[in-house]
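K.L.:
Once you've had a glance at the structure underneath, I'll fire off some questions.
The values are calculated or read from the model by the stated rules, or taken from the named source; none is laboratory data. Please read all numbers here as calculations on a predicted model, not as lab measurements. Cβ sites come from the backbone with ideal geometry, for glycine too, and all protein chains shown count toward neighbours. SASA here: full protein model, heavy atoms, side chains in, ligands and nucleic acids out. Shrake-Rupley method; radii C 1.70, N 1.55, O 1.52, S 1.80 Å.
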Amino acid sequence: MSLNIGDKISLAIHDIAFGGEGVGRVDEFVVFVPFVLVGETVEAEITEVKKNFARAKLLRVEAPSTNRVEPPCAYFGRCGGCQYQHIDYAEQLRIKHKQIADLFERVGKIPSDKIAPVIPCPSPYGYRNRIMIRSQWNKPEQKLNIGFVRWDCGLVEDIEECKISEPALNEQIREVRKNPPPKGGIKVVLRVQPDSWEVPQDSFFQNNFFLLPKLVETVRGFIRSGGANSLADLYCGVGFFGIEVADAVERFVGVEYDQRAIRAARLNAARRNISNGEFISAKVEEVLPDLLQKFSPEKTCVLIDPPRKGCQPGILELLRETKPSQVVYVSCHPATMARDLNILCSDNVFELVRVQPLDMFPQTQHVECVADLRAGQNLAKPPKIVSTE
């Protein structure tokens with residue numbers, strides 16, 4: 001059966017792909033459709049046909065899953081911010097675990113038993129502390145739309161509130177709507193500042209305060225089980241990880257190119273009387289070899305929390321050459337993480353001990369992961385497994 005744009009089909013869903021789209025087949029030809037669940041039969045309309053797959057939009061759920069719930073957000077299905085509000089939260093966690101395991105096995109050749117269960121967020125709604133809303137002139141209705149970009153086009157969905165954002169951000173959304181930008185095409189960043197942390201306007205900070213303690217617990221547990229006495233915190237931003245796990249090592253150094261973030265990191269450390277570390281403004285690739293020589297690779301853990309695009313190839317090669325005793329890799333993008341872990345573990349330079357996913361982004365396709373890698377001579381101690389309770 002050949003598919004054409006506009007065709008309406010009945011589709012049985014047998015998987016949820018990484019990214020959130022359901023997977024069905026028509027005569028073995030793959031069709032992706034959003035906002036569905038495994039086991040459902042749905043009516044869908046073909047919107048795109050490629051050589052090896054097609055995409056469709058959901059028209060009707062003919063046979064719903066028992067894991068389907070009513071989305072609390074009036075904009076769900078149009079706004080591009082969430083993909084999973086129609087799914088019971090426990091099922092979201094199971095889906096994410098399977099997606100990560102499948103992705104890591106395909107991209108990184110990593111067996112699924114290395115992937116721990118996903119640690120849930122204690123607040124599946126109202127957790128985001130930073131959002132970016134956009135303004136766009138709606139010509140047909142002659143008004144300014146203020147909200148998020150839709151999932152199916154480049155238009156902005158006009159919103160009054162965001163269910164996954166903290167209440168303080170929804171207050172800010174209402175203020176922006178009362179005092180709108182003078183024209184369309186403007187991005188507005190709204191943020192709840194973390195208590196007692198200095199964070200410059202454009203500097204990164206984790207966007208979910210509710211799960212931060214578990215994230216820190218995971219990183220600290222991995223570092224302590226690795227036995228390193230020194231820590232090199234790369235891409236350290238405002239110093240969050242280095243400061244929070246300073247008690248797990250004798251000394252640490254944070255490296256960040258952004259000088260404003262480094263000034264904030266020093267202030268954050270001073271506020272907490274952290275005296276066993278320092279922060280330097282530099283490019284990672286320029287200082288890493290000297291740092292490891294100074295600290296001794298066999299006693300050093302390197303913590304990396306790179307941007308979504310992952311580590312630069314040169315950094316990965318430097319880690320392979322200098323071979324610190326442990327690498328703890330934090331990432332919100334499992335695909336680039338799996339790629340980088342595959343490179344680090346090639347030729348058995350490092351061995352992956354454990355990947356711990358944390359649901360820092362409930363209701364969405366995204367998930368945070370922390371990986372524990374050890375150089376060959378440092379595999380004797382088992383890693384601490386963080387409870388999901």
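K.L.:
Out of the stretch 39-54, which residues are aliphatic (A, V, I, L, M) and open to solvent by less than 20 Å² (accessible area, probe 1.4 Å)? Give the derivation first.
P.N.:
Filtering the stretch 39-54 for residues aliphatic (A, V, I, L, M) gives 42, 44, 46, 49, 54.
Val42, Ala44, Ile46, Ala54, listed by residue number.
K.L.:
Sticking with this structure for a sec: Would you call Glu62 touching a Ser or Thr at 6+ places or on another chain (Cβ under 9 Å), open to solvent by 40 Å² or more (accessible area, probe 1.4 Å), assigned to a strand (DSSP E or B) and acidic (Asp, Glu)?
P.N.:
On the way: touching a Ser or Thr at 6+ places or on another chain (Cβ under 9 Å): yes; open to solvent by 40 Å² or more (accessible area, probe 1.4 Å): yes; assigned to a strand (DSSP E or B): yes; acidic (Asp, Glu): yes.
Criteria met by Glu62.
K.L.:
If only one of Leu155, Leu190 is buried (at least 16 other Cβ atoms within 10 Å of the Cβ) and either under 18 Å from Tyr125 (Cβ atoms) or not β-branched (Val, Ile, Thr) (or both), which one is it? Write out each step before concluding.
P.N.:
On the way: Leu155 fails: buried (at least 16 other Cβ atoms within 10 Å of the Cβ).
After applying the criteria, what remains is Leu190.
K.L.:
Separate question: When the stretch 334-363 is examined, which residues are found to be part of a loop (DSSP other than H, G, I, E, B) and surrounded by 18 or more Cβ atoms within 10 Å (Cβ to Cβ)? Step through it out loud before you land on a result.
P.N.:
Looking only at the stretch 334-363, we keep the residues that are part of a loop (DSSP other than H, G, I, E, B), and these are 349, 359-363.
Scanning the stretch 334-363 gives Asp359, Met360, Phe361, Pro362, Gln363.
K.L.:
Tell me which residues, restricted to the stretch 1-38, are open to solvent by less than 60 Å² (accessible area, probe 1.4 Å), closer than 19 Å to Gln85 by Cβ and either in contact with a helix residue (DSSP H, G or I) (Cβ under 6 Å, 6 or more places away or on another chain) or outside any strand (DSSP E or B) (or both).
P.N.:
Residues of the stretch 1-38 open to solvent by less than 60 Å² (accessible area, probe 1.4 Å): 3, 6-7, 9, 11, 13, 15-17, 19-24, 26, 29-37.
Keeping just the survivors that are closer than 19 Å to Gln85 by Cβ gives 13, 16-17, 19-22, 32-37.
Within the stretch 1-38, Ile16, Ala17, Gly19, Gly20, Glu21, Pro34, Phe35, Val36, Leu37 qualify.
K.L.:
Turning to a different aspect of this structure: Val219: open to solvent by less than 60 Å² (accessible area, probe 1.4 Å) and touching an Asp or Glu at 6+ places or on another chain (Cβ under 8 Å), yes or no?
P.N.:
On the way: open to solvent by less than 60 Å² (accessible area, probe 1.4 Å): yes; touching an Asp or Glu at 6+ places or on another chain (Cβ under 8 Å): yes.
Answer is yes for this residue.
K.L.:
Here is a further query. On the given criteria, is Leu267 of a type outside the set (Gly, Ala, Ser), in contact (Cβ under 8 Å) with a residue 24 or more places away in the chain, over 14 Å from Leu303 (Cα atoms) and in a helix (DSSP H, G or I)? Step through it out loud before you land on a result.
P.N.:
Working: of a type outside the set (Gly, Ala, Ser): yes; in contact (Cβ under 8 Å) with a residue 24 or more places away in the chain: yes; over 14 Å from Leu303 (Cα atoms): yes; in a helix (DSSP H, G or I): yes.
Spelling it out, Leu267 is indeed of a type outside the set (Gly, Ala, Ser), in contact (Cβ under 8 Å) with a residue 24 or more places away in the chain, over 14 Å from Leu303 (Cα atoms) and in a helix (DSSP H, G or I).
K.L.:
Which residue, of Ala261, Ala270, Ala232, Ala265, is open to solvent by 50 Å² or more (accessible area, probe 1.4 Å) and either modelled with pLDDT of 95 or more or under 30 Å from Arg134 (Cα atoms) (or both)? If you could, list the steps in order and put the result at the bottom.
P.N.:
On the way: Ala261 fails: open to solvent by 50 Å² or more (accessible area, probe 1.4 Å); Ala232 fails: open to solvent by 50 Å² or more (accessible area, probe 1.4 Å); Ala265 fails: open to solvent by 50 Å² or more (accessible area, probe 1.4 Å).
Within the list Ala261, Ala270, Ala232, Ala265, the selection yields Ala270.
K.L.:
Okay, moving on. Which residues, counting only those in the stretch 39-59, are assigned to a strand (DSSP E or B) and polar (S, T, N, Q)?
P.N.:
Pass one, the stretch 39-59, residues assigned to a strand (DSSP E or B): 41-49, 53-59.
Thr41, Thr47 - these are the residues of the stretch 39-59 that are assigned to a strand (DSSP E or B) and polar (S, T, N, Q).
K.L.:
Restricting attention to the stretch 307-317, does a residue exist that is touching a residue at least 60 places away in the same chain (Cβ under 8 Å) and buried (at least 17 other Cβ atoms within 10 Å of the Cβ)?
P.N.:
Scanning the stretch 307-317 turns up at least one residue that is touching a residue at least 60 places away in the same chain (Cβ under 8 Å) and buried (at least 17 other Cβ atoms within 10 Å of the Cβ).
K.L.:
Failed condition for Pro213, given (1) under 24 Å from Pro124 (Cβ atoms); (2) open to solvent by less than 20 Å² (accessible area, probe 1.4 Å), with all others met?
P.N.:
Evaluating Pro213 over (1) under 24 Å from Pro124 (Cβ atoms); (2) open to solvent by less than 20 Å² (accessible area, probe 1.4 Å) leaves (2) as the failure.
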